[in-house]
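Notes follow the structure.
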Amino acid sequence: MITAHSNGDIPRTPRRRSGVSLIEVVVACTLLAMTLTALTGLAQKAAARSRNVAYTEQRVATLYAEVNRVQSMPYDSLTKYLVTDSVKSGNNYYVWSYVVDPDSTSATGVSTYKKIKLTVTPRITGVSAQTAVVRRSRPPTYNPLNYP
């Protein structure tokens with residue numbers, strides 16, 4: 001039963017408020033903050049891995065360039081021109097060094113090849129050095145394709 005008030009208005013029943021309460025907003029912000037924190041950690045790990053892969057690719061490219069240089073040098077000049085040196089690739093320096101073993105000889109006393117150990121060391125913490133062994137032999141003295 002509805003009764004009239006002294007001013008003649010009809011009393012209204014209290015309406016339930018629609019919308020979001022403060023507690024719901026706080027919980028939603030907390031969940032969003034936790035999710036963004038986790039995603040930031042994953043993005044940081046992905047960036048570090050990508051950076052490490054780039055350093056490794058630069059190191060391998062430097063190694064292959066030096067292996068190609070060793071392969072193209074004259075056999076008798078290997079000990080003269082193979083020295084420690086460095087190159088800047090990207091924002092980092094890569095140092096390469098050589099160790100040329102003496103000639104390996106066959107049973108007949110003829111030298112067959114030289115073994116060259118090439119090491120490329122990045123000047124970056126956390127990236128290891130890479131080593132390759134190149135075996136260089138003398139060019140043949142008789143070449144059937146170039147016979148006079």
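Of note:
- Annotation: lysines with alpha-carbon distance below 25 angstrom to K114 (same-chain offsets under eight excluded): K80.
- Positive-end ranking of T40, Q71, S89 along the dipole of region 22-141, with charges on Cβ about the Cα centre, is headed by Q71.
- Overall form of region 22-141 per C-alpha gyration tensor (a/c, 1.5; a/b vs b/c): prolate
- Size of electric dipole in region 22-141: Cβ of Lys, Arg +1 and of Asp, Glu -1, about Cα centre, debye, nearest 20: 320 debye
Values quoted throughout were computed directly from the atomic coordinates according to the rules given, and no laboratory measurement underlies them. Here the structure is a predicted model, which means the values were calculated and not measured. Every residue, glycine among them, receives a Cβ derived from its backbone with ideal geometry; neighbour counts consider all protein chains shown.
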